[in-house]
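Working notes, beginning with the structure itself.
Just so you know, all these numbers are worked out from the coordinates, no wet-lab data involved. Every value quoted in this text rests on a predicted model; they were computed, and no experiment measured them. Every residue, glycine as well, gets a Cβ built from its backbone with ideal geometry; the counts of neighbours run over all protein chains shown.
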Ligand code: SF4
Ligand code: FES
């Protein structure tokens with residue numbers, strides 16, 4: 001089969017080096033079926049992936065997980081990425097790093113670090129992470145990152161338990177020396193979907209947090225850049241998930257499966273190829289999963305005749321499947337979707353009373369029990 005004529009080459013690769021992680025964040029976007037350590041691809045296989053990615057035109061390698069620092073070969077992987085000319089971004093919880101290790105990673109060619117924080121208050125942050133002492137260790141890690149001369153981005157996922165402190169988290173990022181802060185309202189995939197009822201804020205809470213963070217943009221102009229990912233369920237139009245299916249980026253899982261997005265495995269019937277058996281170029285241009293929702297030909301109404309179809313690409317396929325049972329449907333976040341009332345009903349369900357109580361989480365873990373439907 002020939003490659004589709006207009007398929008652009010990818011610019012980014014999200015490498016999930018491992019699903020192992022000391023934290024248990026209840027909104028984790030990893031799949032519910034996590035890859036075991038024994039199934040992880042080895043150092044040589046990752047090096048091959050990064051070499052092929054660079055040859056394919058990928059510019060940015062995002063080293064993620066789980067916690068990438070759980071891989072003993074992280075330094076070797078970073079050095080290899082640098083040697084093939086990739087810009088490397090370490091997406092880390094900070095747990096598993098030491099001052100010496102951060103310095104060694106910077107010396108090996110690491111370009112940037114993105115550190116997650118769970119809250120601006122230690123007790124709550126540790127509860128959300130499911131790890132006592134995480135907050136203090138993250139602050140230490142931020143210091144080592146700055147000390148090593150690496151640019152730092154702080155990432156904070158916002159949900160009911162911390163939404164009243166979205167502004168405080170921006171201030172904490174400034175205090176930690178970050179150049180950017182990403183305030184990202186929870187996306188309901190993977191563990192986030194399992195914990196949706198416990199994580200969903202009220203509309204009033206979401207509106208207040210959005211206004212606060214937007215106002216801080218002006219206050220901190222020239223000090224820190226604020227990336228603000230607003231909550232899906234309260235929006236009018238969906239986001240262009242992944243910048244369009246198989247249009248800009250790809251993911252490789254710890255066991256070597258190449259995915260167009262982190263939740264793609266939830267879509268039944270897609271055939272994913274593994275980097276053990278195929279080159280990245282072959283996967284990008286010719287694998288069935290990458291071609292399944294490329295472009296706009298697969299769309300049905302209302303997307304097919306919508307003027308925004310090249311802007312948001314019908315939203316998120318995985319969310320469309322999860323909420324309508326049809327991965328080809330318009331993302332029901334869109335107010336034009338015939339299923340939009342489902343999203344509105346879920347968003348409206350988060351009551352003031354629920355919002356005031358501390359909800360129990362199903363923490364992300366390998367073989368964690370799932371709640372009854
Ligand atoms: Fe996007 Fe489809 Fe809604 Fe149009 S109808 S705005 S393409 S999701
Ligand atoms: Fe799969 Fe959005 S997460 S398309």
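Once you have a ≥ b ≥ c as the square roots of the Cα gyration tensor eigenvalues for segment 202-241, tell me rounded if a/c is under 1.5, and otherwise prolate or oblate according to whether a/b is larger than b/c.
Details: a/c = 3.72, a/b = 1.54, b/c = 2.41.
Because a/c hits 1.5 or more and a/b fails to exceed b/c, segment 202-241 counts as oblate.
Any chance you could get the radius of gyration and Dmax over the Cα atoms of segment 46-171, in Å?
Radius of gyration, then largest Cα-Cα span, for segment 46-171: 15.4, 46 Å.
Report, for the chain, the % of DSSP beta bridges that are antiparallel, rounded to 5. Display every interim value, and only then the final one.
Working: 3 of 36 bridges.
Percent antiparallel among DSSP bridges in the chain is about 10.
Can you order the peptides 37-47, 86-96, 275-285 by their average number of other Cβ atoms within 10 Å per residue, highest first? Before the final figure, lay out the partial values.
Values: 37-47: 14.9, 86-96: 22.4, 275-285: 18.4.
Averaged packing, sorted descending, gives the order 86-96, 275-285, 37-47.
Taking a ≥ b ≥ c as the square roots of the Cα gyration tensor eigenvalues, with a/c under 1.5 meaning rounded and otherwise prolate when a/b beats b/c, else oblate, which class fits segment 129-234? Walk me through the intermediate numbers first.
On the way: a/c = 2.25, a/b = 1.32, b/c = 1.70.
Oblate.
Taking the alpha-carbon centroid of each part, what is the distance from segment 179-248 to segment 279-305 in angstrom?
Segment 179-248 and segment 279-305 have Cα centres spaced 26 Å from each other.
Going 7 Å from the Cα of residue 227 toward and past its Cβ, which residues in segment 173-192 have a backbone nitrogen under 11 Å from where you end up?
Within reach of a label on residue 227: 180-184.
Give me the distance in nm between label points sitting 7 Å out from Cα along the Cα-to-Cβ direction at residue 175 and residue 237, one decimal.
3.8 nm
Over the chain, what is the relative contact order in whole percent, taking alpha-carbon pairs under 8 Å and six or more residues apart? Intermediate values should be presented prior to the final figure.
Numbers: 725 pairs, mean separation 73.7, N = 373.
Once normalised by length, the contact order is 20 percent.
Could you calculate the contour length gain from residue 203 to residue 278, that is, 0.36 nm times the residue separation minus the distance between their Cα atoms, to one decimal place in nm? Please list the in-between numbers first.
Working: separation 75, 0.36 × 75 = 27.00 nm, distance 4.57 nm.
Additional length available on full extension: 22.4 nm.
Quickly estimate the mean residue ellipticity at 222 nm for the chain, helices only: each DSSP H run with n ≥ 4 gives -39500 (n - 2.57), and the total goes over all residues, rounded to 500. List each step's numbers first, then the result.
Numbers: 14 runs with 126 residues, N = 373.
Computed ellipticity for the chain at 222 nm equals -9500 deg cm²/dmol.
Could you give the spread of the C-alpha atoms of the chain along their three principal axes, from largest to smallest, in whole angstroms?
The Cα atoms of the chain stretch 52, 52, 44 Å along the principal axes, largest first.
Can you tell me the mean projection area, over all orientations, of the convex hull of segment 294-356's alpha carbons? Units nm², please.
Values: hull surface 19.2 nm².
Result: a mean projected hull area of 4.8 nm².
Explain nothing, just the number: relative contact order of segment 169-281, from Cα pairs under 8 Å at least 6 residues apart, as a whole percent. The partial results should precede the final answer.
Working: 87 pairs, mean separation 27.6, N = 113.
For segment 169-281, the relative contact order is 24 percent.
Express the C-alpha Rg of segment 12-229 as a ratio against the empirical globular expectation 2.2 N^0.38 Å, rounded to two decimals. Please report the intermediate quantities before stating the final value.
Numbers: Rg = 17.2 Å, N = 218, 2.2 N^0.38 = 17.0 Å.
After normalising by residue count via 2.2 N^0.38 Å, the value is 1.01.
Mind checking the full-extension length gain between residue 100 and residue 348? Use 0.36 nm per residue of separation minus the Cα-Cα distance, one decimal, nm. Numbers along the way, then the final one.
Details: separation 248, 0.36 × 248 = 89.28 nm, distance 4.83 nm.
Stretched out fully, the residue 100 to residue 348 stretch lengthens by 84.4 nm.
May I ask you to sort 59, 321 by Cβ crowding, counting other Cβ atoms within 10 Å and putting the fewest first?
Values: 59 13, 321 19.
Final ranking by Cβ density, sparse to dense: 59, 321.
Neighbouring Cβ atoms within 10 Å as the yardstick, rank 185, 340 fewest first.
Numbers: 185 25, 340 17.
Final ranking by Cβ density, sparse to dense: 340, 185.
At 0.36 nm per residue, and after removing the present C-alpha to C-alpha distance, how many nm does the segment from residue 220 to residue 310 gain when stretched out fully?
29.1 nm
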